[in-house]
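Okay, so here's the structure we're looking at.
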Amino acid sequence: MTEHDTGRRAVGRLALLAAGQVFVVLVGAGILVAAAADGSAYGVLFGVLLTGLGVVSLAATVLETSRRGSTGAVVGRSPAGAPATVLPRAGWVPAVTAGFLVVLAGCALAAAAVAVGRDDLVVAIVLLAIGGVLATYLAFVVRGRMPAGGVYLAADGVTNVKDGATWRVGWDDIAGVVPGEPLAVVLRDGARPVRSSTAPPGWRGEVRAPDGTLGVQTRYLSDDAATLAFVLLAYRDRPDLRSQLGTQASVDWEILRQGS
């Protein structure tokens, strides 16, 4: 299957991405050292910013590479508490998000302090506002309000949770599914998904998608996009099999294939 079908990035693409991230780390470290020698506080912070972002993004790429294989579905419960077959999203995703926010918020707040010391009050206020917003986002991640989530298949429908954004749609509301990254769940005319969010205002956790379509980020799920698309269509077309969702039988996709 192609990279588009699986939603997984190819090894070659990940290697190029990692090389670029290493380059950013080296450039950032170089700027940091040079700025420290020149006594430039802003330069040091810019170097820290580049180095930090490079390190966190490189860690995310390494983790993504280690998760290329399928780990399969597990038995669990939907956010509403119903028995569900779950394709969890990688548990390290919130930690990576937190890492980016720590670097961004920390550098913004430190730069605000430097601006105050130089009597650049307007700059300080702007940087303080940016740092404050980012720190608020970080607090939500730390408090578990923006969990890794995943896709939950229950007898009454499908729920997707990502970065604190949740949508749920009934099986009969699904008109089609297009695998890829992101995976597209095409809705029947008039279908109205139920949405909720535990993320802070201004944070967009849900995948952007055209009207009448719901997006699912599949890159970090425990199974690939092609498998998820097949399973969604199979359960949509076989209402008699939905009662097995949330049981051990549903975890074995081969059983579903034989019954579809």
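The values are calculated or read from the model by the stated rules, or taken from the named source; none is laboratory data. It should be emphasised that the depicted structure is a prediction, and the values quoted were computed from it without experimental measurement. In this analysis, Cβ positions are derived from the backbone assuming ideal geometry, glycine residues included, and neighbour counts consider all displayed protein chains.
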Could you say whether any residue in the stretch 34-54 is outside any strand (DSSP E or B), farther than 30 Å from SER250 by Cβ, under 22 Å from the mean Cα position of the chain (by Cα) and modelled with pLDDT under 95?
-> no
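Given the residues VAL158, VAL194, VAL186, which is the only one that is touching a helix residue (DSSP H, G or I) at 6+ places or on another chain (Cβ under 9 Å) and β-branched (Val, Ile, Thr)? Can you show your working first?
Details: VAL194 fails: touching a helix residue (DSSP H, G or I) at 6+ places or on another chain (Cβ under 9 Å); VAL186 fails: touching a helix residue (DSSP H, G or I) at 6+ places or on another chain (Cβ under 9 Å).
One residue alone meets the criteria, VAL158.
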Is the stretch 63-76 home to any residue that is at pLDDT below 90, assigned to a helix (DSSP H, G or I) and not β-branched (Val, Ile, Thr)?
-> yes
Those residues of the stretch 245-260 which are within 20 Å of ASP173 (Cα to Cα) and modelled with pLDDT under 90, in sequence order = SER260
When you scan the stretch 192-210, how many residues do you find that are more than 16 Å from the chain's Cα centre (by Cα) and buried (at least 16 other Cβ atoms within 10 Å of the Cβ)?
-> 1
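Each row is one residue, and each column tells you yes or no for (1) under 28 Å from LEU245 (Cβ atoms); (2) within 16 Å of the chain's Cα centre (by Cα).
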{"position": "SER66", "(1), (2)": "no, no"}
{"position": "GLY76", "(1), (2)": "yes, no"}
{"position": "LEU87", "(1), (2)": "yes, yes"}
{"position": "ALA98", "(1), (2)": "no, yes"}
{"position": "LEU104", "(1), (2)": "no, no"}
Meets criteria (out of contact with any His (no Cβ under 7 Å at 6 or more places or on another chain), more than 15 Å from ALA209 (Cα to Cα), polar (S, T, N, Q) and buried (at least 20 other Cβ atoms within 10 Å of the Cβ)) for THR159 = yes
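How many residues are assigned to a loop (DSSP other than H, G, I, E, B), among the charged types (D, E, K, R) and closer than 23 Å to VAL93 by Cβ if we restrict to the stretch 174-231? Working first, answer last.
So in the stretch 174-231, the residues assigned to a loop (DSSP other than H, G, I, E, B) come out as 179-182, 188-193, 198-212, 217-220, 222-224.
If we keep only those that are among the charged types (D, E, K, R) as well, we get 181, 188-189, 192, 204, 206, 208, 211, 219, 223-224.
Remaining after also requiring closer than 23 Å to VAL93 by Cβ: 181, 204, 206, 208, 219, 223-224.
Number of matching residues: 7.
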